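First comes the structure, then the notes that go with it.
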Amino acid sequence: MEIRFWGVRGSIAVSGARYARTGGNTTCVEVVHDGERLILDGGTGLRGLGEALGFAPVRATLLFSHLHWDHIQGVPFFTPAFHPDSDLTFAGIARETGCLRDALALQMRPPQFPVGLEMLRGARRFVDLPGMDVHEFGPFRVTPLEQHHPDGVVAYRVEAGGRALVFATDTEHGGAPDGRLIALTEGADLLVHDAQYTPDEYEGRAGPPRRGWGHSMWTEAVEVAVRAAASRVALFHHDPARDDDAVAVIEADARRRFAGAFAAREGLAVAL
Ligand SMILES: [Zn+2]
Ligand SMILES: [Zn+2]
């Protein structure tokens, strides 16, 4: 599997020289195997992926962890979705709050946005996945796991070609690492994990306490990886206030605990 980070930021996109090395776009991770494409989340990073693919027929599955705005705002700007010959499947876990298609249409409706979801002619199907069963998308075997986050979120283990990636964004452990997530991550080649806060931020020693806001400390991302015997962990969903220098400090601290830790950066590609 080839992994490429198109958006690594959490909560809201940022721009400016202070963020240039890490990247300012919100969450989007591309996974390619055997010419098939799975896209995890459609934050503003999805726009750059669309630009790279161009106005051309593209076959892909876009799988959403949840529908907070930093995970869907790139959808109206994903150029291949406008191509009538594209074959795009949009998928997420079924929620009582409504279907995936309606949720995506909400942000493409007056007065928020001038172009409606129906203009995305390459978006062939919208799938509300029932429950936490294992699902197959082309060569990708996907195992979902519900996590703790306001309005719900799902972590995914993605397996293809004998390799395993776990995508666990927007998750709060709340004190002790979630044993179910450790089990999901067991032996994975790469864990992409929420690392929004430092321990000082989470506990309220630096600004307001962030407990209950739905996110992890980077130390928890590392701990899940170590306890699951994952090969590597990408610190992901960087706080919008975290500039490049601060990301580098966290990355160095994380590496002292676990040599396989690194900060996810926009444009970074990882071969599993
Ligand atoms: Zn988020
Ligand atoms: Zn969220």
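The C-beta contact set for region 80-109 (first residue in contact (Cβ under 8 Å) with a residue 60 or more places away in the chain, second residue assigned to a loop (DSSP other than H, G, I, E, B), distance under 6 angstrom, 6+ apart or interchain) comprises Gly92/Phe64. Residues in region 71-118 that are in a helix (DSSP H, G or I), farther than 27 Å from Met132 by Cβ and of a type in the set (Val, Ile, Thr): 1 in all. Total residues in region 142-172 satisfying the condition of being open to solvent by 20 Å² or more (accessible area, probe 1.4 Å), part of a loop (DSSP other than H, G, I, E, B) and within 15 Å of ligand 2 (Cβ to nearest atom): the figure is 5.
Out of all the residues in region 220-227, is one or more within 16 Å of ligand 2 (Cβ to nearest atom), part of a strand (DSSP E or B), under 20 Å from the mean Cα position of the chain (by Cα) and crowded, with 16+ Cβ neighbours inside 10 Å? No, every residue in region 220-227 fails to be within 16 Å of ligand 2 (Cβ to nearest atom), part of a strand (DSSP E or B), under 20 Å from the mean Cα position of the chain (by Cα) and crowded, with 16+ Cβ neighbours inside 10 Å. Among the numbered conditions (1) within 16 Å of ligand 1 (Cβ to nearest atom); (2) open to solvent by less than 20 Å² (accessible area, probe 1.4 Å), the only one that Arg210 does not meet is (2).
Scanning region 49-65 turns up no residue that is within 16 Å of ligand 2 (Cβ to nearest atom) and at positive phi.
Taking region 54-110 as the search range and keeping residues that are more than 20 Å from the chain's Cα centre (by Cα) and of a type in the set (Asp, Glu), which one is farthest from ligand 1 (Cβ to nearest atom)? Out of the qualifying residues, it is Asp85. Taken together, the residues in region 25-59 that are over 13 Å from Thr79 (Cα atoms) and open to solvent by less than 10 Å² (accessible area, probe 1.4 Å) amount to 10.
The values are calculated or read from the model by the stated rules, or taken from the named source; none is laboratory data. Because the structure is predicted, anything quoted here is derived from the model rather than measured. So basically every Cβ, Gly included, is an ideal-geometry build from the backbone, and we count neighbours across all protein chains shown. Areas reflect the complete protein model, heavy atoms only, side chains present, ligands, DNA and RNA absent. Shrake-Rupley method; radii C 1.70, N 1.55, O 1.52, S 1.80 Å.
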